[in-house]
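Have a look at the structure below before the remarks.
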Amino acid sequence: MRIKVLHGPNLGEVGHREPDVYGRETLESIDSGIRACAGELGVYVDILQTDNESDMIRFIKDAEVHCQGMIINPAGFGYSSIALRDAVLAMGCPVIEVHLSNIHARERFRHRSVLADIAVGQICGMKGYGYVLALMALYRILMEEGR
């Protein structure tokens, strides 16, 4: 089983940028937790962080062929990128959306994600652990679907 994990813009600064909102854990540590969980589940994960919307879309398009599911933190693009939404729609495999902070307890513009209605689920407010929760949930969904 192959799962792609996509971190959007500014997530490379996690652990340093607004730690009261996003936590003190670095992206490298979050990725290590994802890989450890994937190892326990026997899942291969391909992880990318980019600040570039076109790189995100290319990674998603690659997922159409090379994986069974995706975990995505669209970060700021999650509130406005129709191009990102269209790429996820075309992908055709289950997607779980993750946000480090609780987007529903923040500024009003963050309350609506362009991916929320097309993702199989959304995990927010759990800091870096949200990715591990998403991986465990996606694994179970894919096993139940026989993928």
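The values are calculated or read from the model by the stated rules, or taken from the named source; none is laboratory data. In this text, all values refer to a predicted model and were calculated from it rather than measured experimentally. Counting neighbours? That spans all protein chains shown, and the Cβs are built from the backbone with ideal geometry, glycine included.
For region 68-85, the set of residues classified as under 28 Å from residue 146 (Cβ atoms) and surrounded by fewer than 21 Cβ atoms within 10 Å (Cβ to Cβ) consists of 68, 85, listed by residue number.
Residue selection: residue 79 fails the criterion of being touching a Lys or Arg at 6+ places or on another chain (Cβ under 9 Å), of a type in the set (Ser, Thr, Tyr), under 21 Å from residue 129 (Cα atoms) and touching a residue at least 24 places away in the same chain (Cβ under 8 Å). Identify all residues within region 129-147 that are assigned to a helix (DSSP H, G or I) and of a type in the set (Lys, Arg); write none if there are none. The one that is assigned to a helix (DSSP H, G or I) and of a type in the set (Lys, Arg): 140. In region 1-36, the qualifying residues are those that are at pLDDT below 90 and of a type in the set (Gly, Ala, Ser), and the one that is farthest from residue 55 (Cα to Cα) is 23.
Quick check, is residue 146 exposed (fewer than 15 other Cβ atoms within 10 Å of the Cβ) and modelled with pLDDT under 95? If you could, list the steps in order and put the result at the bottom.
Numbers: exposed (fewer than 15 other Cβ atoms within 10 Å of the Cβ): yes; modelled with pLDDT under 95: yes.
Yes.
Among the residues of region 73-85, those that are of a type in the set (A, V, I, L, M, F, W, C) and under 13 Å from the mean Cα position of the chain (by Cα) comprise 75, 77, 84.
Could you look through region 86-96, keep only residues that are assigned to a helix (DSSP H, G or I) and surrounded by 19 or more Cβ atoms within 10 Å (Cβ to Cβ), and pick out the one that is nearest to the chain's Cα centre (by Cα)?
88
Take region 97-128 and flag every residue that is more than 14 Å from residue 21 (Cα to Cα), under 12 Å from the mean Cα position of the chain (by Cα) and not in a loop (DSSP other than H, G, I, E, B). Result: 97, 98, 121, 122, 123.
Table: residues versus (1) charged (D, E, K, R); (2) in a strand (DSSP E or B); (3) free of Cβ contacts under 8 Å to residues at least 60 places away in the same chain.
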{"residue": "5", "(1), (2), (3)": "no, yes, no"}
{"residue": "25", "(1), (2), (3)": "yes, no, no"}
{"residue": "33", "(1), (2), (3)": "no, no, no"}
{"residue": "55", "(1), (2), (3)": "yes, no, yes"}
